[in-house]
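Here is the structure we will look at, set down as structure tokens.
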Amino acid sequence: MALLQISEPGLSTAPHQHRLAVGIDLGTTNSLVATVRNGVAVVLNDAHGHGLLPSVVRFHKDGTTTVGIAAQAQAADDPHNTIISAKRFMGRGIKDIPDAATMPYQFVDAPGMVQIKTVAGVKSPVEVSAEILKTLKARAEASLGGDLVGAVITVPAYFDDAQRQATKDAAKVAGINVLRLLNEPTAAAIAYGLDNASEGIYAVYDLGGGTFDISILKLTKGVFEVLATNGDSALGGDDFDRRIYCWILEKAGLHAIDDHDKTLLMARAREAKETLSEHAQAKITAVLTSGEVVDQSLSEDGFNEMTASLVNKTLAPCRKALRDAGLDASEVKGVVMVGGSTRVPRIQAAVGEFFGQTPLTNLDPDKVVALGAAIQANVLAGNKSGDDWLLLDVVPLSLGLETMGGLTEKIIPRNATIPTARAQEFTTYKDGQTAMSIHVVQGERELVSDCRSLARFELRGIPPMVAGAARIRVTFQVDADGLLSVTAREMGTGVESHIAVKPSYGLTDDEVATMLRDSYAHAQDDMTARNLAEARVDGQRLLEATEAALAENGEALLSPAERAVVEKQIADLRTVLQGGDLAAVKRATEALNHGTVEFAARRMDISVRKALTGHRLDELEI
Amino acid sequence: MSLDFNRNHFDLFGLPQAFALDTARLDQAYRDIQAEIHPDRFAHAGESEQRLAMQWATKVNEAYQTLKKPFERARYLLSLNGVDAMDARNTSMPADFLMLQMEWREALEQARAGKNEKTLRALEQTLQEQARGMRAELGVLLDEQRAYARAGDTLRKLRFMDKLLEEVGAAYESLD
Ligand SMILES: Nc1ncnc2c1ncn2[C@@H]1O[C@H](COP(=O)(O)OP(=O)(O)O)[C@@H](O)[C@H]1O
Ligand SMILES: [Mg+2]
């Protein structure tokens with residue numbers, strides 16, 4: 001057996017190594033992966049030199065998939081099994097997809113989230129997204145030559161809790177450790193802010209293929225503070241395409257067309273739209289299944305006219321965001337344009353007019369989100385960086401619960417800085433009531449039926465009392481990823497009541513585990529090997545973090561006896577990390593986690609004091 | 001020795017316990033503390049530290065939001081002095097203020113019905129001026145006279161103003 005290693009006191013054993021971390025822009029239309037290399041954020045290309053990965057997944061009968069450019073090229077040939085813009089379905093029910101009829105998919109109305117029937121079985125949008133993430137992960141690992149420590153994955157700022165949760169689940173299925181879910185406009189601001197070292201109020205206008213976000217940020221001495229955010233998570237370039245598509249059908253007098261033609265004409269519509277960003281006129285030609293030929297020409301003016309209402313639809317959220325931030329358009333110092341759709345000249349003009357200034361377009365609108373995410377991932381992974389900055393982001397939509405009469409009671413208001421928590425007390429309606437159902441919703445409207453339903457809880461075992469006497473405390477906690485968790489307990493009696501959680505959206509842990517298994521059933525990859533590798537990465541991360549913490553202030557904060565206990569747990573973990581026993585790795589990791597709770601608390605106290613006094617740690621009396 | 005997680009919001013930011021507030025100092029202290037304890041600083045740390053960071057950042061955000069907004073700050077100061085200003089049983093309002101309330105509500109209704117942005121703006125200005133006056137009054141009552149019961153009365157008026165101003169905001173949106 002190899003001899004155990006013991007490090008010199010006060011020295012970290014972890015060599016100063018660069019941890020591989022990436023930023024992933026999981027877009028409706030295109031996805032990208034970027035990393036920081038030699039201090040510079042760069043987009044990672046595939047073997048053919050392509051950076052953008054079209055967010056298109058084709059499922060085959062044998063369970064394999066084609067992802068990206070190839071899948072996109074085959075879309076019209078296999079429309080039912082080639083999923084485009086799956087992001088629009090994340091965390092959404094069938095009734096939330098108004099244009100489902102124009103899509104070639106066979107939707108299955110599953111509880112919580114819609115699913116799609118394919119030759120490879122029924123697929124959740126989470127699984128489709130996971131295929132895209134897996135492709136990007138493989139690209140990154142091939143290009144960086146090692147396992148990733150983790151990734152920052154971006155989401156539209158206006159994504160609600162169900163959509164964020166679905167994104168995190170997709171990462172889990174893809175075997176990616178999520179360092180943070182980051183809002184797309186905020187990621188763009190990082191990429192811009194660090195380049196320009198600017199201070200002041202900025203607006204980020206992000207119009208992609210399927211989502212629209214507007215964020216108002218304040219930049220002060222390295223702090224990015226989101227003041228307000230607004231948007232529409234179902235508005236984007238796709239809608240512009242659909243306007244052209246409908247125009248083509250009408251002009252050609254086409255009625256019943258098959259799915260091949262639908263997909264083909266939507267692709268032609270998009271090409272025409274993109275052409276019109278550069279030219280005054282676009283030709284649209286296609287040969288339909290019937291042999292019929294479509295040959296039309298669309299002018300920029302015609303396009304602007306048919307999409308004017310869509311452009312306007314983006315301005316109302318801009319007004320609301322400014323109002324929430326308590327600002328006037330004239331106070332905005334710069335407007336950052338993000339997303340492929342901001343290349344449309346009419347959009348640039350409308351945004352310029354609204355904010356009274358020419359918008360900033362100096363960074364590539366396709367890449368800026370991924371680059372910002374990579375910069376943040378590099379910091380979160382613990383790689384040293386010259387500048388230090390801090391992101392303070394917000395909840396996009398109010399969170400609340402249903403009260404009598406189908407009304408919403410807001411617990412956490414929109415634009416509250418995260419992480420955040422709020423508690424509120426409720427009471428019973430009837431004498432002797434022993435159970436209470438708690439319905440968690442998200443949205444701004446007064447009626448519950450107009451808000452998004454997130455989850456239903458049942459609190460049972462309330463001691464029978466007269467109506468209005470019980471005190472039920474419901475606590476909402478939103479973490480730094482913007483994800484919500486809710487707890488409820490009866491306060492009056494001091495008896496902690498039992499809660500049954502039944503999420504009405506998203507996936508249960510079991511479902512995620514099943515997807516994970518399925519997704520590897522078709523790959524060479526062995527599930528157990530995968531689990532071991534992931535547990536090792538977790539254990540290694542904790543080991544390094546604890547050693548760094550000990551080196552920093554183990555001496556000051558732990559008694560020799562306390563320190564010895566932690567050192568022993570470290571040594572145990574290091575030993576099992578070298579072996580192949582999954583359960584042992586998990587056990588030792590858990591033990592070290594548990595063993596460092598008090599140490600962590602003391603370190604945190606020190607951090608707060610340090611911030612308060614502005615003094616160095618060793619000047620503080622402990 | 002461990003820091004008291006439940007210490008009062010003013011102590012947390014090293015600020016004197018008063019309604020009068022040096023907002024620049026509050027902002028600075030808030031940013032300094034977040035820079036140390038925000039969960040992003042612990043994304044690569046152990047689980048315990050990650051959880052603590054979330055709890056601390058949550059607490060610091062709450063404290064900051066409470067002190068930043070004059071209404072919340074006054075309410076918090078009163079609660080530190082044992083006064084629950086928003087007790088549901090206490091709803092008394094002076095008659096003259098009730099009259100004013102009715103006038104303002106009417107003005108809001110008219111502006112909304114007539115989709116008149118100019119009257120809306122005028123109303124908003126009147127309301128904001130009134131609210132400013134109430135905040136000044138709160139400063140005197142809380143910091144100089146320590147007249148907590150009367151401060152509670154003013155605070156209830158201010159809450160009405162804040163709510164009405166919110167409705168004015170919603171009315172602007174309905175003009176779109
Ligand atoms: N030159 C262009 N002119 C107009 N629209 C464009 C242009 N280039 C890309 N787009 C549109 O941008 C959208 C994709 O933008 P992107 O930022 O990649 O979206 P997402 O973030 O949703 O993946 C598509 O609707 C695409 O048609
Ligand atoms: Mg995007």
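Mind counting the residues in region A:339-350 that are within 16 Å of ligand 2 (Cβ to nearest atom) and farther than 19 Å from A:Leu32 by Cα? Give the derivation first.
Start the filter on region A:339-350 by keeping residues that are within 16 Å of ligand 2 (Cβ to nearest atom), which leaves A:339-344, A:347.
Checking the rest, the ones that are also farther than 19 Å from A:Leu32 by Cα come to A:344, A:347.
So the answer is 2.
I'd like the residue in region B:23-59 that is of a type in the set (Lys, Arg) and without any contact (Cβ under 8 Å) to a residue 12 or more places away in the chain and, out of all such residues, is nearest to A:Glu590 (Cα to Cα).
It comes out as B:Arg51.
Looking only at region A:534-551, which residues are touching a helix residue (DSSP H, G or I) at 6+ places or on another chain (Cβ under 8 Å) and more than 8 Å from chain B (Cβ to nearest Cβ)?
Those that are touching a helix residue (DSSP H, G or I) at 6+ places or on another chain (Cβ under 8 Å) and more than 8 Å from chain B (Cβ to nearest Cβ): A:Ala535, A:Arg536, A:Asp538, A:Gly539, A:Gln540, A:Leu543, A:Glu547, A:Leu550.
Looking at region A:414-427, I want the residues that are more than 11 Å from every other protein chain (Cβ to nearest Cβ) and have a partner that is part of a strand (DSSP E or B) with Cβ atoms under 7 Å, at least 6 apart or on another chain. Which pairs are those?
A:Gln424/A:Ile411; A:Gln424/A:Val474; A:Glu425/A:Ile472; A:Glu425/A:Arg473; A:Phe426/A:Ile472; A:Phe426/A:Val474; A:Thr427/A:Ile472
Looking only at region A:568-584, which residues are without any contact (Cβ under 8 Å) to a residue 12 or more places away in the chain and either of a type in the set (Asp, Glu) or within 8 Å of chain B (Cβ to nearest Cβ) (or both)?
A:Asp581, the sole residue that qualifies.
Among the residues of region A:278-294, are any within 33 Å of the chain's Cα centre (by Cα), away from ligand 2 (no atom under 16 Å from the Cβ), touching a residue at least 60 places away in the same chain (Cβ under 8 Å) and more than 14 Å from chain B (Cβ to nearest Cβ)?
no
Enumerate the strands (runs of 3 or more DSSP E) found wholly within region A:352-460, keeping only those where 1 or more residues are of a type in the set (Ser, Thr, Tyr) and away from ligand 1 (no atom under 16 Å from the Cβ).
In region A:352-460, A:399-403, A:407-412, A:420-426, A:435-442, A:452-460 are the strands (runs of 3 or more DSSP E) which contain 1 or more residues that are of a type in the set (Ser, Thr, Tyr) and away from ligand 1 (no atom under 16 Å from the Cβ).
If we scan region A:90-111, do we find a residue that is within 25 Å of A:Thr154 (Cα to Cα) and within 16 Å of ligand 2 (Cβ to nearest atom)?
Looking through region A:90-111, at least one residue is within 25 Å of A:Thr154 (Cα to Cα) and within 16 Å of ligand 2 (Cβ to nearest atom).
Restricting attention to region A:585-592, does a residue exist that is modelled with pLDDT of 90 or more, touching a Phe, Trp or Tyr at 6+ places or on another chain (Cβ under 8 Å) and more than 7 Å from every other protein chain (Cβ to nearest Cβ)?
Looking only at region A:585-592, we keep the residues that are modelled with pLDDT of 90 or more, and these are A:585-592.
Still in the running and touching a Phe, Trp or Tyr at 6+ places or on another chain (Cβ under 8 Å): none.
Scanning region A:585-592 turns up no residue that is modelled with pLDDT of 90 or more, touching a Phe, Trp or Tyr at 6+ places or on another chain (Cβ under 8 Å) and more than 7 Å from every other protein chain (Cβ to nearest Cβ).
Residues of region A:199-233 being surrounded by fewer than 18 Cβ atoms within 10 Å (Cβ to Cβ) and either within 15 Å of ligand 2 (Cβ to nearest atom) or at positive phi (or both), which ones?
A:Gly200, A:Lys221, A:Gly222
For region A:272-305, name all the residues that are surrounded by 15 or more Cβ atoms within 10 Å (Cβ to Cβ) and either assigned to a helix (DSSP H, G or I) or of a type in the set (Val, Ile, Thr) (or both).
Of everything in region A:272-305, those that are surrounded by 15 or more Cβ atoms within 10 Å (Cβ to Cβ) and either assigned to a helix (DSSP H, G or I) or of a type in the set (Val, Ile, Thr) (or both) turn out to be A:Ala272, A:Lys273, A:Glu274, A:Thr275, A:Ile284, A:Val294, A:Glu300, A:Gly302, A:Phe303, A:Asn304.
Might you check whether a residue that is away from ligand 1 (no atom under 16 Å from the Cβ), out of contact with any Lys or Arg (no Cβ under 8 Å at 6 or more places or on another chain) and either within 14 Å of chain B (Cβ to nearest Cβ) or assigned to a loop (DSSP other than H, G, I, E, B) (or both) occurs anywhere in region A:155-171?
Looking for residues that are away from ligand 1 (no atom under 16 Å from the Cβ), out of contact with any Lys or Arg (no Cβ under 8 Å at 6 or more places or on another chain) and either within 14 Å of chain B (Cβ to nearest Cβ) or assigned to a loop (DSSP other than H, G, I, E, B) (or both), one finds none in region A:155-171, hence no.
Test of understanding: among A:Leu254, A:Leu298, A:Leu264, which residue is over 32 Å from the mean Cα position of the chain (by Cα), away from every other protein chain (no Cβ under 14 Å) and either within 16 Å of ligand 2 (Cβ to nearest atom) or at pLDDT below 95 (or both)?
So the residue among A:Leu254, A:Leu298, A:Leu264 that is over 32 Å from the mean Cα position of the chain (by Cα), away from every other protein chain (no Cβ under 14 Å) and either within 16 Å of ligand 2 (Cβ to nearest atom) or at pLDDT below 95 (or both) is A:Leu254.
Regarding A:Val335, is this residue more than 14 Å from chain B (Cβ to nearest Cβ) and either within 16 Å of ligand 1 (Cβ to nearest atom) or more than 25 Å from the chain's Cα centre (by Cα) (or both)?
The answer is no for A:Val335.
Of all residues in region A:145-159 being over 9 Å from the mean Cα position of the chain (by Cα) and surrounded by 24 or more Cβ atoms within 10 Å (Cβ to Cβ), which is modelled with the highest pLDDT?
The selected residue is A:Ala151.
Can you list the strands (runs of 3 or more DSSP E) lying wholly within region A:26-134 that have 3 or more residues being more than 16 Å from ligand 1 (Cβ to nearest atom) and either within 25 Å of A:Ala151 (Cα to Cα) or more than 14 Å from chain B (Cβ to nearest Cβ) (or both)?
In region A:26-134, the matching strands (runs of 3 or more DSSP E) lie at A:30-37, A:40-43, A:106-108, A:115-118, A:121-123.
Considering A:Leu363, A:Leu380, A:Leu371, A:Leu392, which residue is more than 16 Å from ligand 2 (Cβ to nearest atom), under 24 Å from A:Ser31 (Cα atoms) and not polar (S, T, N, Q)?
A:Leu380
Within region A:493-511, can one find any residue that is at pLDDT 75 or above, buried (at least 18 other Cβ atoms within 10 Å of the Cβ) and touching a strand residue (DSSP E or B) at 6+ places or on another chain (Cβ under 7 Å)?
The answer is no; no qualifying residue exists.
Is it the case that region A:599-607 has a residue that's within 12 Å of chain B (Cβ to nearest Cβ), at pLDDT 85 or above and touching a Gly at 6+ places or on another chain (Cβ under 6 Å)?
Within region A:599-607 (the criterion being within 12 Å of chain B (Cβ to nearest Cβ), at pLDDT 85 or above and touching a Gly at 6+ places or on another chain (Cβ under 6 Å)), the answer is no, since none of the residues qualifies.
Among B:Val140, B:Val60, which is within 14 Å of chain A (Cβ to nearest Cβ) and modelled with pLDDT of 90 or more?
The unique qualifying residue is B:Val60.
Taking region A:301-321, which residues are among the aliphatic types (A, V, I, L, M) and more than 11 Å from chain B (Cβ to nearest Cβ)?
Here is the first cut: in region A:301-321, the residues among the aliphatic types (A, V, I, L, M) are A:306, A:308, A:310-311, A:315-316, A:321.
Once the filter is applied, which keeps residues that are among the aliphatic types (A, V, I, L, M) and more than 11 Å from chain B (Cβ to nearest Cβ), region A:301-321 yields A:Met306, A:Ala308, A:Leu310, A:Val311, A:Ala321.
The values are calculated or read from the model by the stated rules, or taken from the named source; none is laboratory data. Fair warning: this is a prediction, and the values are worked out from it, not measured in the lab. Positions of Cβ are backbone-derived with ideal geometry, glycine not excepted, and every protein chain shown enters the neighbour counts.
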